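**Q** Got a structure for you, questions after.
Here, each number is a calculation from the coordinates, and none is a lab measurement. Predicted model only: the values in this text are computed from it and were never measured. Note: ideal-geometry Cβ built from the backbone for every residue, glycine included; neighbour counts use all protein chains shown.
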């Protein structure tokens with residue numbers, strides 16, 4: 001597994017709630033390339049719960065959406081925007097769980113629409129959340145205008 005270099009981290013205006021390392025209220029996600037998958041290991045925190053010791057569904061949705069965004073960035077070498085997102089919450093995710101694994105991969109691409117599947121598993125390896133996500137891919141020209149150069153691994 002290779003760590004993905006966050007190509008935006010040096011930009012002072014970069015403050016993504018999910019993946020900016022310096023956002024004081026953010027999730028601080030980091031990403032790794034594991035074959036066809038993009039993976040993030042994330043430790044739940046009590047301040048992101050919806051109910052007592054239960055992670056908020058919106059935070060879990062954010063984790064899925066963000067890992068898919070990094071699939072676009074790394075695997076397609078461009079930028080994109082969420083076009084459609086369907087979530088299935090299979091079991092509660094404890095805010096006290098020591099570590100979650102968020103994983104996504106490409107299912108298909110039709111023109112500029114990229115279809116992906118994603119999961120969140122708890123520390124016991126149980127699938128808790130499944131997502132089907134479609135991203136709209138921007139053209140290479142538009143990606144350059146947005147500041148995209150390349151997404152590399154260490």
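**Q** Looking only at strands (runs of 3 or more DSSP E) that fall completely inside segment 21-85, which ones have 3 or more residues that are under 11 Å from the mean Cα position of the chain (by Cα) and under 19 Å from residue 114 (Cβ atoms)?
**A** Details: elements: 32-34, 37-42, 49-51.
Result: 37-42.
**Q** Could you tell me which residue of segment 58-91 is farthest from residue 39 (Cα to Cα), considering only residues that are surrounded by 15 or more Cβ atoms within 10 Å (Cβ to Cβ) and without any contact (Cβ under 8 Å) to a residue 40 or more places away in the chain?
**A** Restricting to residues being surrounded by 15 or more Cβ atoms within 10 Å (Cβ to Cβ) and without any contact (Cβ under 8 Å) to a residue 40 or more places away in the chain, the top hit is 59.
**Q** Among residues belonging to segment 134-152 that are in a helix (DSSP H, G or I) and in contact (Cβ under 8 Å) with a residue 12 or more places away in the chain, point out the one that is farthest from residue 2 (Cα to Cα). Break it down stepwise before answering.
**A** So in segment 134-152, the residues in a helix (DSSP H, G or I) come out as 140-145.
Now drop any that are not in contact (Cβ under 8 Å) with a residue 12 or more places away in the chain, which leaves 140, 142-143.
Values: 140: 24, 142: 27, 143: 24 Å.
The residue in question is 142.
**Q** Still on this model: Based on this model, can you work out whether residue 129 counts as in contact (Cβ under 8 Å) with a residue 60 or more places away in the chain, under 20 Å from residue 5 (Cβ atoms) and surrounded by 15 or more Cβ atoms within 10 Å (Cβ to Cβ)? Give the derivation first.
**A** Working: in contact (Cβ under 8 Å) with a residue 60 or more places away in the chain: yes; under 20 Å from residue 5 (Cβ atoms): no; surrounded by 15 or more Cβ atoms within 10 Å (Cβ to Cβ): yes.
No: the conditions fail for residue 129.
**Q** Something else about it: Which residues, taken from segment 110-126, are in a strand (DSSP E or B) and touching a residue at least 12 places away in the same chain (Cβ under 8 Å)? Can you show your working first?
**A** Residues of segment 110-126 in a strand (DSSP E or B): 110, 113-121.
113, 114, 115, 116, 117, 118, 119, 120, 121, listed by residue number.
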